[in-house]
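Inspection log for the structure reproduced underneath, given as structure tokens.
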Amino acid sequence: MDRFSRYVNELFLWNGQMREFLQSEEVGKDSELWEKLDQFTELIENTNRDLSTEELLDLQAKAEQIHEELEAYFNQKQVNEIGTIMVVEKPVPPGKHTLPNLPYAYNALEPYISEEIMRLHHAQHHRAYVNGLNKAELELKKARDSNDFSLVKHWSRELSFHGSGHYLHSIFWRNMSPNGGGSPEGLLKMEIDNYFGSFHAFKKHFSESANQVEGVGWALLVWSPKARHLEVLQTERHMLLTQWDTIPLLVLDVWEHAYYLQYKNKRSEYVDNWWKIVNWHDVEMRLEKAADSKWPAI
Ligand SMILES: [Fe+2]
């Protein structure tokens with residue numbers, strides 16, 4: 001199957017998931033959302049499978065528009081599950097990364113994380129990583145175009161630092177929810193019990209990893225498609241101590257900018273409170289998708 005037909009098939013699948021989702025959220029049939037989704041269904045049902053690139057991009061733009069409208073609607077209602085249904089994303093060209101919106105208001109995680117921290121953290125720190133990543137990608141493109149690689153070490157470091165900063169923060173925001181806390185269920189619970197013995201043992205391991213990151217960094221729960229089990233890792237800054245070939249599922253930012261204004265040097269108090277806003281639905285969704293990745297046996 002070529003790339004275009006695959007994409008149209010994925011749109012069909014996504015459209016079906018959206019319909020189920022609207023039903024499960026009991027969105028009234030008179031809602032504008034249903035009207036838009038019906039129009040979209042009609043559009044893809046009448047789509048010729050031999051699409052030109054322009055037609056495909058047009059279809060994708062319409063799908064993205066509906067996705068954004070659904071997201072905005074559910075954000076107002078503080079429902080976070082919409083984040084689990086994504087349109088197939090276009091590749092991001094060099095230098096074109098953008099700051100994602102938070103899936104909740106800046107004050108939504110209070111009292112555990114203050115509005116002031118969230119505002120600074122997202123609008124300034126995260127934005128700086130997006131800008132840094134774009135800059136590094138464009139500089140490396142310039143190097144390829146001019147065949148001048150004299151600064152490749154510098155820009156590769158920048159690419160790693162800012163790229164990891166952008167991707168980890170993008171996961172971090174969705175890993176938290178004003179309706180979070182409690183403990184995981186389903187597949188995630190099963191994998192945690194299998195590998196760590198119990199949720200309690202995992203939580204202790206993860207919290208200690210966060211508390212003991214040297215300097216600034218992160219604690220991460222990752223999935224290894226090779227070993228087919230979970231693991232807990234630390235990373236210093238955004239990209240050191242990484243275990244390559246794993247997929248982050250749950251990440252905790254322990255840079256001082258994530259907690260110092262509110263918790264001062266009491267990092268462990270921040271870590272303890274953070275468990276009360278963990279969005280386990282998001283973590284399980286990430287695990288389900290990650291566990292689909294299967295590397296061929298050597
Ligand atoms: Fe951060």
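The values are calculated or read from the model by the stated rules, or taken from the named source; none is laboratory data. Nothing here was measured: the structure is a model prediction, and the numbers come from that model. Please note: Cβ atoms are built from the backbone with ideal geometry, for glycine as well, and neighbour counts cover all protein chains shown.
Restricting the first member to region 90-116 and to residues that are on the phi < 0 side of the Ramachandran plot and free of Cβ contacts under 8 Å to residues at least 40 places away in the same chain, and the second to residues that are surrounded by 14 or more Cβ atoms within 10 Å (Cβ to Cβ) and of a type in the set (K, R), the beta-carbon pairs closer than 6 Å and six or more apart or on different chains are L99/R127.
Evaluated against (1) surrounded by 17 or more Cβ atoms within 10 Å (Cβ to Cβ); (2) within 16 Å of the ligand (Cβ to nearest atom), H257 falls short on exactly one condition, (1). Only one of V283, V271, V278 is within 15 Å of the ligand (Cβ to nearest atom) and in contact (Cβ under 8 Å) with a residue 60 or more places away in the chain. Can you tell me which? So the residue among V283, V271, V278 that is within 15 Å of the ligand (Cβ to nearest atom) and in contact (Cβ under 8 Å) with a residue 60 or more places away in the chain is V271. Scan region 185-206 and give yes if some residue there is outside the structural domain of M285 (by TED's automatic domain parsing), at positive phi and at pLDDT 95 or above, otherwise no. No, the conditions are met nowhere in region 185-206. Given the residues P94, P111, P103, which is the only one that is modelled with pLDDT under 95 and not basic (K, R)? Exactly one of P94, P111, P103 is modelled with pLDDT under 95 and not basic (K, R), namely P103. Total residues in region 124-138 satisfying the condition of being over 15 Å from the mean Cα position of the chain (by Cα), more than 12 Å from the ligand (Cβ to nearest atom) and farther than 10 Å from E158 by Cβ: the figure is 3.
Residue count for region 236-253 satisfying the condition of being modelled with pLDDT of 95 or more and within 13 Å of the ligand (Cβ to nearest atom): 3.
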